[in-house]
Amino acid sequence: MAENSSDKVKKLQEKNRENQRNYTKKREQEEKKAHKLVHDLVQKIDNEPKNYRHYYELATLLVEGKDYEQAEELLMKALGLFKDSGDDVIDTLKFGLGNVYYAAQEYDKAIKIFQEINDTKLQAEAYAMLAQSYMAKGDNKRAMVFALSAQSGKRDDPSINEMIGDNLLALGNFAQAGEFYDNVLKAEPQNGKANFNRGLVAMVNGEDFDKYFKTAKQSDPDYFNRGQQKLKDIEKVVQMNKSKDHDSKES
(Lines give C-alpha, C1' and ligand atoms only; values in the text may rest on other atoms or scores of the structure.)
Protein backbone atom coordinates (compact mmCIF):
# COMPACT_ATOMS: atom_id res chain seq x y z
CA MET A 1 0.00 0.00 0.00
CA ALA A 2 2.83 2.37 0.92
CA GLU A 3 4.53 1.73 -2.42
CA ASN A 4 1.31 2.37 -4.30
CA SER A 5 0.82 5.67 -2.46
CA SER A 6 4.43 6.62 -3.16
CA ASP A 7 4.01 5.81 -6.86
CA LYS A 8 0.86 7.95 -7.03
CA VAL A 9 2.67 10.87 -5.42
CA LYS A 10 5.59 10.51 -7.85
CA LYS A 11 3.23 10.39 -10.84
CA LEU A 12 1.37 13.45 -9.57
CA GLN A 13 4.62 15.34 -9.04
CA GLU A 14 5.81 14.42 -12.54
CA LYS A 15 2.47 15.51 -13.99
CA ASN A 16 2.76 18.86 -12.18
CA ARG A 17 6.31 19.32 -13.48
CA GLU A 18 5.14 18.50 -17.02
CA ASN A 19 2.28 21.01 -16.74
CA GLN A 20 4.72 23.65 -15.50
CA ARG A 21 7.10 22.94 -18.39
CA ASN A 22 4.25 23.19 -20.90
CA TYR A 23 3.03 26.44 -19.34
CA THR A 24 6.54 27.93 -19.37
CA LYS A 25 7.07 26.86 -22.98
CA LYS A 26 3.73 28.36 -24.06
CA ARG A 27 4.46 31.61 -22.22
CA GLU A 28 7.93 31.85 -23.81
CA GLN A 29 6.40 31.29 -27.26
CA GLU A 30 3.82 34.02 -26.64
CA GLU A 31 6.49 36.43 -25.39
CA LYS A 32 8.69 35.66 -28.40
CA LYS A 33 5.75 36.30 -30.74
CA ALA A 34 4.92 39.58 -28.95
CA HIS A 35 8.55 40.74 -29.13
CA LYS A 36 8.60 40.02 -32.86
CA LEU A 37 5.39 42.00 -33.42
CA VAL A 38 6.81 44.93 -31.44
CA HIS A 39 10.08 44.74 -33.39
CA ASP A 40 8.20 44.66 -36.72
CA LEU A 41 6.09 47.70 -35.79
CA VAL A 42 9.14 49.65 -34.61
CA GLN A 43 10.71 48.93 -38.01
CA LYS A 44 7.52 50.12 -39.75
CA ILE A 45 7.71 53.39 -37.81
CA ASP A 46 11.37 53.79 -38.81
CA ASN A 47 10.48 53.13 -42.45
CA GLU A 48 7.26 55.19 -42.48
CA PRO A 49 7.54 57.78 -39.68
CA LYS A 50 4.61 59.78 -41.11
CA ASN A 51 2.12 56.88 -40.88
CA TYR A 52 0.18 57.49 -37.66
CA ARG A 53 -1.41 54.03 -37.78
CA HIS A 54 1.91 52.37 -36.90
CA TYR A 55 2.11 54.38 -33.65
CA TYR A 56 -1.47 53.47 -32.75
CA GLU A 57 -0.93 49.77 -33.49
CA LEU A 58 2.32 49.64 -31.50
CA ALA A 59 0.68 51.37 -28.53
CA THR A 60 -2.19 48.85 -28.67
CA LEU A 61 0.33 46.01 -28.59
CA LEU A 62 2.15 47.57 -25.63
CA VAL A 63 -1.17 47.84 -23.76
CA GLU A 64 -1.81 44.14 -24.37
CA GLY A 65 1.57 43.51 -22.75
CA LYS A 66 0.60 45.85 -19.84
CA ASP A 67 3.44 48.24 -20.72
CA TYR A 68 1.26 51.28 -20.09
CA GLU A 69 4.04 53.78 -19.45
CA GLN A 70 5.76 53.09 -22.76
CA ALA A 71 2.44 53.12 -24.62
CA GLU A 72 1.58 56.52 -23.09
CA GLU A 73 5.00 57.95 -24.04
CA LEU A 74 4.66 56.66 -27.60
CA LEU A 75 1.22 58.20 -28.14
CA MET A 76 2.17 61.50 -26.51
CA LYS A 77 5.14 61.64 -28.88
CA ALA A 78 2.88 60.79 -31.84
CA LEU A 79 0.39 63.53 -30.86
CA GLY A 80 3.27 66.01 -30.99
CA LEU A 81 4.48 64.71 -34.35
CA PHE A 82 1.01 64.84 -35.93
CA LYS A 83 -0.29 67.99 -34.18
CA ASP A 84 -0.97 69.68 -37.53
CA SER A 85 -2.94 66.73 -38.95
CA GLY A 86 -6.72 66.45 -39.32
CA ASP A 87 -9.21 65.46 -36.61
CA ASP A 88 -9.31 61.86 -37.83
CA VAL A 89 -5.56 61.42 -37.14
CA ILE A 90 -5.47 63.37 -33.86
CA ASP A 91 -8.60 61.71 -32.50
CA THR A 92 -7.40 58.21 -33.42
CA LEU A 93 -4.22 58.81 -31.42
CA LYS A 94 -6.25 60.32 -28.56
CA PHE A 95 -8.57 57.31 -28.62
CA GLY A 96 -5.50 55.09 -28.27
CA LEU A 97 -4.25 57.20 -25.36
CA GLY A 98 -7.64 57.00 -23.66
CA ASN A 99 -7.49 53.21 -23.98
CA VAL A 100 -4.05 53.24 -22.35
CA TYR A 101 -5.41 55.14 -19.33
CA TYR A 102 -8.52 52.93 -19.17
CA ALA A 103 -6.41 49.75 -19.21
CA ALA A 104 -4.16 51.23 -16.52
CA GLN A 105 -7.30 51.98 -14.43
CA GLU A 106 -6.63 55.73 -14.57
CA TYR A 107 -10.26 56.43 -15.32
CA ASP A 108 -10.30 60.20 -14.75
CA LYS A 109 -7.49 60.64 -17.28
CA ALA A 110 -9.31 58.32 -19.71
CA ILE A 111 -12.55 60.32 -19.36
CA LYS A 112 -10.75 63.60 -20.05
CA ILE A 113 -9.20 62.22 -23.26
CA PHE A 114 -12.34 60.51 -24.57
CA GLN A 115 -14.32 63.74 -24.05
CA GLU A 116 -11.92 65.53 -26.43
CA ILE A 117 -12.73 63.27 -29.39
CA ASN A 118 -14.78 65.00 -32.10
CA ASP A 119 -14.27 62.82 -35.17
CA THR A 120 -17.67 61.42 -36.20
CA LYS A 121 -16.25 58.00 -37.08
CA LEU A 122 -14.93 57.55 -33.54
CA GLN A 123 -17.78 59.28 -31.68
CA ALA A 124 -19.78 56.13 -30.84
CA GLU A 125 -16.64 54.28 -29.69
CA ALA A 126 -15.62 57.26 -27.55
CA TYR A 127 -19.08 57.38 -25.94
CA ALA A 128 -18.86 53.64 -25.24
CA MET A 129 -15.46 54.04 -23.57
CA LEU A 130 -16.76 56.99 -21.53
CA ALA A 131 -19.62 54.78 -20.37
CA GLN A 132 -17.20 52.00 -19.42
CA SER A 133 -14.93 54.45 -17.60
CA TYR A 134 -17.82 55.83 -15.53
CA MET A 135 -19.03 52.27 -14.83
CA ALA A 136 -15.56 51.39 -13.56
CA LYS A 137 -15.82 54.40 -11.21
CA GLY A 138 -19.25 53.19 -10.01
CA ASP A 139 -21.05 56.20 -11.51
CA ASN A 140 -23.85 54.35 -13.30
CA LYS A 141 -26.02 57.42 -13.91
CA ARG A 142 -23.34 59.16 -15.98
CA ALA A 143 -22.37 55.87 -17.57
CA MET A 144 -25.99 55.46 -18.66
CA VAL A 145 -25.99 58.83 -20.45
CA PHE A 146 -22.94 57.93 -22.53
CA ALA A 147 -24.09 54.36 -23.15
CA LEU A 148 -27.34 55.69 -24.64
CA SER A 149 -25.34 58.19 -26.71
CA ALA A 150 -23.20 55.33 -28.01
CA GLN A 151 -26.33 53.34 -28.85
CA SER A 152 -27.71 56.13 -31.05
CA GLY A 153 -24.89 55.35 -33.48
CA LYS A 154 -24.88 51.58 -32.89
CA ARG A 155 -28.47 50.62 -32.12
CA ASP A 156 -28.10 46.86 -32.67
CA ASP A 157 -24.60 46.46 -31.22
CA PRO A 158 -24.93 43.73 -28.53
CA SER A 159 -21.97 45.07 -26.52
CA ILE A 160 -23.64 48.50 -26.24
CA ASN A 161 -27.05 47.01 -25.39
CA GLU A 162 -25.40 44.83 -22.75
CA MET A 163 -23.71 47.88 -21.25
CA ILE A 164 -27.06 49.68 -21.03
CA GLY A 165 -28.60 46.59 -19.43
CA ASP A 166 -25.78 46.44 -16.88
CA ASN A 167 -26.29 50.09 -15.93
CA LEU A 168 -30.05 49.68 -15.62
CA LEU A 169 -29.51 46.58 -13.47
CA ALA A 170 -27.12 48.50 -11.21
CA LEU A 171 -29.67 51.33 -10.93
CA GLY A 172 -32.46 48.88 -10.05
CA ASN A 173 -34.48 49.34 -13.25
CA PHE A 174 -35.00 45.60 -13.73
CA ALA A 175 -37.81 45.60 -16.28
CA GLN A 176 -35.94 47.93 -18.65
CA ALA A 177 -32.71 46.02 -18.11
CA GLY A 178 -34.48 42.84 -19.20
CA GLU A 179 -35.48 44.43 -22.52
CA PHE A 180 -31.89 45.31 -23.35
CA TYR A 181 -30.60 41.89 -22.30
CA ASP A 182 -33.26 40.32 -24.55
CA ASN A 183 -31.85 42.35 -27.45
CA VAL A 184 -28.36 41.08 -26.62
CA LEU A 185 -29.52 37.47 -26.49
CA LYS A 186 -31.24 37.75 -29.88
CA ALA A 187 -27.81 38.47 -31.36
CA GLU A 188 -25.75 36.35 -28.97
CA PRO A 189 -27.92 33.60 -27.43
CA GLN A 190 -24.91 31.93 -25.76
CA ASN A 191 -23.57 35.11 -24.13
CA GLY A 192 -22.86 33.85 -20.60
CA LYS A 193 -22.74 37.24 -18.85
CA ALA A 194 -25.94 38.50 -20.50
CA ASN A 195 -27.74 35.23 -19.69
CA PHE A 196 -26.68 35.43 -16.05
CA ASN A 197 -27.84 39.02 -15.66
CA ARG A 198 -31.07 38.27 -17.55
CA GLY A 199 -31.61 35.49 -15.04
CA LEU A 200 -31.24 37.98 -12.18
CA VAL A 201 -33.84 40.21 -13.83
CA ALA A 202 -36.16 37.23 -14.31
CA MET A 203 -35.89 36.37 -10.59
CA VAL A 204 -36.99 39.87 -9.58
CA ASN A 205 -39.77 39.98 -12.19
CA GLY A 206 -41.13 36.56 -11.21
CA GLU A 207 -40.23 34.95 -14.56
CA ASP A 208 -38.65 31.57 -15.26
CA PHE A 209 -34.95 32.11 -14.59
CA ASP A 210 -33.47 28.57 -14.62
CA LYS A 211 -32.91 28.53 -18.38
CA TYR A 212 -30.81 31.71 -18.23
CA PHE A 213 -28.61 30.47 -15.39
CA LYS A 214 -28.18 27.08 -17.08
CA THR A 215 -26.91 28.72 -20.28
CA ALA A 216 -24.72 31.14 -18.29
CA LYS A 217 -23.10 28.28 -16.36
CA GLN A 218 -22.37 26.38 -19.57
CA SER A 219 -21.17 29.38 -21.63
CA ASP A 220 -19.19 31.32 -19.02
CA PRO A 221 -18.65 29.28 -15.82
CA ASP A 222 -16.10 31.80 -14.47
CA TYR A 223 -18.56 34.70 -14.65
CA PHE A 224 -21.31 32.45 -13.25
CA ASN A 225 -19.15 31.59 -10.23
CA ARG A 226 -18.08 35.21 -9.69
CA GLY A 227 -21.72 36.31 -9.79
CA GLN A 228 -22.88 34.18 -6.87
CA GLN A 229 -22.78 37.10 -4.42
CA LYS A 230 -24.87 39.17 -6.81
CA LEU A 231 -27.28 36.24 -7.02
CA LYS A 232 -27.58 36.13 -3.21
CA ASP A 233 -28.23 39.89 -3.12
CA ILE A 234 -31.02 39.54 -5.69
CA GLU A 235 -32.53 36.63 -3.74
CA LYS A 236 -32.69 38.94 -0.69
CA VAL A 237 -34.48 41.59 -2.76
CA VAL A 238 -37.00 38.99 -3.96
CA GLN A 239 -37.63 37.78 -0.39
CA MET A 240 -38.05 41.36 0.87
CA ASN A 241 -40.58 42.07 -1.88
CA LYS A 242 -42.49 38.92 -1.00
CA SER A 243 -42.58 39.94 2.67
CA LYS A 244 -43.85 43.41 1.74
CA ASP A 245 -46.60 41.91 -0.44
CA HIS A 246 -47.58 39.53 2.34
CA ASP A 247 -47.70 42.33 4.93
CA SER A 248 -49.77 44.60 2.65
CA LYS A 249 -52.29 41.81 2.00
CA GLU A 250 -52.69 41.09 5.70
CA SER A 251 -53.19 44.75 6.53
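The values are calculated or read from the model by the stated rules, or taken from the named source; none is laboratory data. None of these values were measured; they are calculated from a predicted model. Using ideal geometry, Cβ is built from the backbone for each residue, glycine included, and neighbour counts are taken over all protein chains shown.
Per-structure values
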read-out: Residue satisfying condition, being farther than 25 Å from GLY138 by Cβ and polar (S, T, N, Q), within set GLN105, GLN43, GLN115; value: GLN43
read-out: Number of the condition not met by ALA104 [criteria: (1) surrounded by 15 or more Cβ atoms within 10 Å (Cβ to Cβ); (2) over 27 Å from LEU58 (Cβ atoms)]; value: (2)
read-out: Selection status of ASN99, of a type in the set (S, T, N, Q), in the same structural domain as ALA187 (by TED's automatic domain parsing), out of contact with any Leu (no Cβ under 8 Å at 6 or more places or on another chain) and crowded, with 19+ Cβ neighbours inside 10 Å; value: no
read-out: Residues satisfying the stated conditions in segment 92-134, i.e. outside any helix (DSSP H, G or I) and within 19 Å of the chain's Cα centre (by Cα); value: ALA104, GLN105, GLU106
read-out: Pair list, Cβ < 6 Å and 6+ apart or interchain, from segment 209-231 residues that are on the phi < 0 side of the Ramachandran plot to residues that are of a type outside the set (Phe, Trp, Tyr) and not in a helix (DSSP H, G or I); value: SER219/GLN190
read-out: Residue match in segment 150-167 (condition: buried (at least 21 other Cβ atoms within 10 Å of the Cβ) and either part of a loop (DSSP other than H, G, I, E, B) or out of contact with any helix residue (DSSP H, G or I) (no Cβ under 6 Å at 6 or more places or on another chain) (or both)); value: yes
